[in-house]
Amino acid sequence: MPHHPAPLTVARPPEGGRAQRSAARLPGPDDARRLRRRGRRREEATAWLFVSPAVLIILGLSVLPVVWSLLLSFQANDLVTPSRWVGLDNYRALAADPHFSEAVRNTLVYTVLYVPLSLVGGLVLALALNRRIRLVGIYRTLIFVPFVVSATAQGVLFSFILDPEFGAANSLLARMGLSTQGFLTDPGQALAVLVGITLWSGTGFCVVVYLAALQDVPQSLIEAARLDGAGRRHILRHVTLPTLTPVSVFLVLWETIQSLQVFDLVYVTTKGGPLGSTTVIVYFIWEQAFKSFTAGYGAAAAYVLAVALGLVGIVMRLVRGGAGRRLRTALRRGRSTAGPSTEGAAR
């Protein structure tokens, strides 16, 4: 008989093996987590790719100069010859320097005059403009426009207006029969005149911020006060002003920082004179670093100012936190009293 080859057969795997291969082909929870981590890393890499130019700019123009100036404050450096490490000698010299003491005093006087006047003036103007009057938009615009004018342009403008010989201010005083004034050339008037110029431009910012805050005063508190017989003066004192407290704290911090850093207006108008009556801290720093070529000494003065600004920020933050807690308490009390008063009036 012819011999037929035996048929080829493939052994069937056990049922457990087939189930294991099927389970191996299906993604499990570990695979899903791995894919999520991989996608998250890819998104982070893309985000850092977009953010890296801004990070490099911040590091190059902010962080590195701050660190370098801190090291510079412990050195004797004239920006030309190699520096020499002097430790705390620059800070000891600042403590005994009468010119630095005068600059600190002028800066404090400028701040004490400017900050309260700008806040009070901004609040009064904001209350006056928070009404339905004709052409109110034009009035708001005219008050805010000086704020966008640069300090350099303000200095040039008022240097012409307040010129003691040919200025429009003395010409007007002469026509009114009054004696002419020295203004920016008088040591007794120069700092006050600078405060007045800054008020002309800086009050507009306070007006805009207060106008925005007045729109958020809870009407329920005002209605409850009116139902209780409170007049406008009492509503302003017991409802409006406490509600504006967080905004006022913010404006105090903002205006204080701006006044402690004033430089452009002084540089354009008086250059620290006459007789040092308008030399403020920032102008003192510039004068020491780029006029007297004592960069280490100027850097030490800059860090004294930085510490002062940091302390002001910490104090204002604590005050703002306390004011926020008091405001939330007042709002809760106002809501609890406004409901019964309104229901009684409806009945």
Pairs, please: C-beta under 6 Å, at least 6 apart or cross-chain, first residue in a loop (DSSP other than H, G, I, E, B) and in the range 82-103, second surrounded by 12 or more Cβ atoms within 10 Å (Cβ to Cβ)?
Ser83/Gln75; Ser83/Asn77; Val86/Ala76; Gly87/Phe74
Considering only the range 197-210, state which residues are of a type outside the set (Val, Ile, Thr) and either open to solvent by 40 Å² or more (accessible area, probe 1.4 Å) or in contact with a Gly (Cβ under 9 Å, 6 or more places away or on another chain) (or both).
Leu199, Trp200, Gly202, Gly204, Phe205, Cys206, Tyr210
When the range 162-180 is checked residue by residue, the ones that are open to solvent by 60 Å² or more (accessible area, probe 1.4 Å) and closer than 16 Å to Ile197 by Cα are Ala168
Quick one: in the range 286-297, which of the residues that are open to solvent by 30 Å² or more (accessible area, probe 1.4 Å), hydrophobic (A, V, I, L, M, F, W, C) and part of a helix (DSSP H, G or I) is modelled with the highest pLDDT?
Trp286
So which of Val63, Val80 ends up being at pLDDT below 90, open to solvent by 80 Å² or more (accessible area, probe 1.4 Å) and within 24 Å of Phe290 (Cβ to Cβ)?
Val80
Across the range 107-126, what is the total count of residues that are open to solvent by less than 60 Å² (accessible area, probe 1.4 Å) and within 18 Å of the chain's Cα centre (by Cα)?
6
Within the bounds of the range 165-185, is there any residue that is touching a Lys or Arg at 6+ places or on another chain (Cβ under 8 Å), assigned to a helix (DSSP H, G or I) and of a type outside the set (A, V, I, L, M, F, W, C)?
no
Those residues that are buried (at least 16 other Cβ atoms within 10 Å of the Cβ) and among the hydrophobic types (A, V, I, L, M, F, W, C), I need them from the range 259-285; list them, please.
Leu260, Val262, Leu265, Val266, Val268, Val280, Ile281, Val282, Phe284, Ile285
If a residue has to be closer than 26 Å to Thr111 by Cβ, open to solvent by 30 Å² or more (accessible area, probe 1.4 Å) and outside any helix (DSSP H, G or I) to count, how many in the range 211-256 make the cut?
0
Mind telling me which of the residues Leu113, Leu70 ends up being in a helix (DSSP H, G or I) and either touching a Phe, Trp or Tyr at 6+ places or on another chain (Cβ under 8 Å) or at pLDDT below 85 (or both)?
Leu70
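Please pick out the residue among Ala300, Ala323, Ala308 that is among the small types (Gly, Ala, Ser), part of a helix (DSSP H, G or I) and modelled with pLDDT of 90 or more. Talk me through it step by step, then tell me what you get.
On the way: Ala323 fails: modelled with pLDDT of 90 or more; Ala308 fails: modelled with pLDDT of 90 or more.
Matching residue, one of Ala300, Ala323, Ala308: Ala300.
The values are calculated or read from the model by the stated rules, or taken from the named source; none is laboratory data. Fair warning: this is a prediction, and the values are worked out from it, not measured in the lab. A quick note on method: Cβ atoms are made from the backbone with ideal geometry, for glycine too, and the neighbour counts reach across all protein chains shown. These area figures cover heavy atoms from the full protein model, side chains too; ligands, DNA and RNA do not enter into them. Shrake-Rupley method; radii C 1.70, N 1.55, O 1.52, S 1.80 Å.
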